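Data first, discussion second: the structure below is written as C-alpha cells.
The values are calculated or read from the model by the stated rules, or taken from the named source; none is laboratory data. Remember, it's a predicted structure, so these values are computed and weren't measured experimentally. Note: ideal-geometry Cβ built from the backbone for every residue, glycine included; neighbour counts use all protein chains shown.
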Amino acid sequence: MDSEERLAVFLDYENLALGAREHLGGMTFDFGPIADALAVRGRVVVRRAYADWSYFDEDRRSLTRHQVELIEMPQRMGASRKNAADIKMVVDAIEMAFERDYISTFVMCTGDSDFSPLVHKLRELNKRVIGVGVEKSTSRLLPPACDEFLFYDRLEGVEVPEPTPVKRAEPAPATRRETRLKAAPDPAPTP
C-alpha cells in the first residue's frame, strides 16, 4: 500500500504577495521555496493560486513555471474582489476534501485568520493541514489551528534583505547664546 502523502496547495496569492512586499523589504514572492519545503513532505498533486492576475503580471509567469493553476478572480463593480477569492478558495478546498479522498494534506498559503474555520473543518474531515504565511502579516490565530505552520521568510531559499539601519537625528548645534547660558555659572544664592 502506498503511504506517500498527497498534498493539495491553495494560495491566497494577494495575501502572500502583498505580505512579502510590505514586510520583507519589497521583495517579490517566489513559490520555489514553498515547493521545495513541500517536496520533502509528500507529493503535491494540486497547486492553485487565487487572485485578480491583472495586478500580478510578473508573478503569474513565475507561478506557471511551477505548474500552479491560476484561478482568475476579476474585480467586479461593487463586489469585494478579496472576499470573492477567499470564498472560491474555501469552496474548492472543501469540495476537494470530499471528492478526492486520496489527498491527505491541505496546504493553505495565507496569513489570514478568516481561513481558520476552513482549517478546523479540514482537520475534522481527517485531513492534515499545513499553513504557510509571511511572519509579520500572519494572524496569530492561524498557526496554532494548523498541524504545521511554515513561515515563508524562514524557508530555505528565501533571501530576506537586511533592514536598512535608521540613523538617529543628531541634535542641532547649539547657538552661541545657548552655549553662553550653559557655560555661565549658576548665580550664588543670596542669604
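One line per residue, one yes/no per condition, for (1) more than 17 Å from LEU16 (Cβ to Cβ); (2) of a type outside the set (Asp, Glu); (3) at pLDDT 70 or above; (4) in contact with a Lys or Arg (Cβ under 8 Å, 6 or more places away or on another chain):
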| position | (1), (2), (3), (4) |
| --- | --- |
| ARG154 | no, yes, yes, no |
| GLU170 | yes, no, no, no |
| ARG176 | yes, yes, no, no |
| LYS182 | yes, yes, no, no |
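Within segment 31-76, track down each residue that is polar (S, T, N, Q) and free of Cβ contacts under 8 Å to residues at least 24 places away in the same chain. Quick ask: steps written out before the conclusion?
Just the residues of segment 31-76 that are polar (S, T, N, Q), to begin with: 54, 62, 64, 67, 75.
Across segment 31-76, the qualifying residues are SER54, THR64, GLN67, GLN75.
Would you please name the residue that is nearest to VAL40 (Cα to Cα), looking only at residues in segment 142-159 that are part of a loop (DSSP other than H, G, I, E, B) and over 13 Å from the mean Cα position of the chain (by Cα)? Break it down into steps so the answer makes sense when it comes.
So in segment 142-159, the residues part of a loop (DSSP other than H, G, I, E, B) come out as 146-147, 155-159.
In the following step, the residues that additionally are over 13 Å from the mean Cα position of the chain (by Cα) were identified as 146-147, 156-157, 159.
Details: CYS146: 18, ASP147: 16, GLU156: 13, GLY157: 15, GLU159: 20 Å.
Ranking the qualifying residues of segment 142-159, first place goes to GLU156.
Which one of these does CYS109 not meet: (1) over 17 Å from the mean Cα position of the chain (by Cα); (2) at pLDDT 95 or above?
Exception for CYS109: condition (1).
Can we say SER139 is over 22 Å from VAL45 (Cβ atoms), touching a helix residue (DSSP H, G or I) at 6+ places or on another chain (Cβ under 6 Å) and assigned to a helix (DSSP H, G or I)? Reasoning before the result, please.
Numbers: over 22 Å from VAL45 (Cβ atoms): yes; touching a helix residue (DSSP H, G or I) at 6+ places or on another chain (Cβ under 6 Å): yes; assigned to a helix (DSSP H, G or I): no.
No.
Do we have ALA51 as more than 21 Å from PHE149 (Cβ to Cβ) and surrounded by 21 or more Cβ atoms within 10 Å (Cβ to Cβ) here?
It is true that ALA51 is more than 21 Å from PHE149 (Cβ to Cβ) and surrounded by 21 or more Cβ atoms within 10 Å (Cβ to Cβ).
Do you know which residues across segment 110-121 are among the aliphatic types (A, V, I, L, M) and more than 22 Å from LEU155 (Cβ to Cβ)? Break it down stepwise before answering.
To start, the set of residues in segment 110-121 that are among the aliphatic types (A, V, I, L, M) comprises 118-119.
Within segment 110-121, just LEU118 meets the criteria.
Looking at this structure, is LYS121 at pLDDT below 95, of a type outside the set (A, V, I, L, M) and within 17 Å of ALA8 (Cα to Cα)? Steps first, answer last, please.
Values: at pLDDT below 95: no; of a type outside the set (A, V, I, L, M): yes; within 17 Å of ALA8 (Cα to Cα): yes.
When the stated conditions are applied, LYS121 does not pass them.
Give, as residue ranges, the strands (runs of 3 or more DSSP E) completely inside segment 1-108 that count at least 1 residues that are aromatic (Phe, Trp, Tyr) and under 30 Å from ASN126 (Cβ atoms). Can you show your working first?
Working: elements: 6-12, 43-51, 69-72.
Counting at least 1 such residues, we get 6-12, 43-51.
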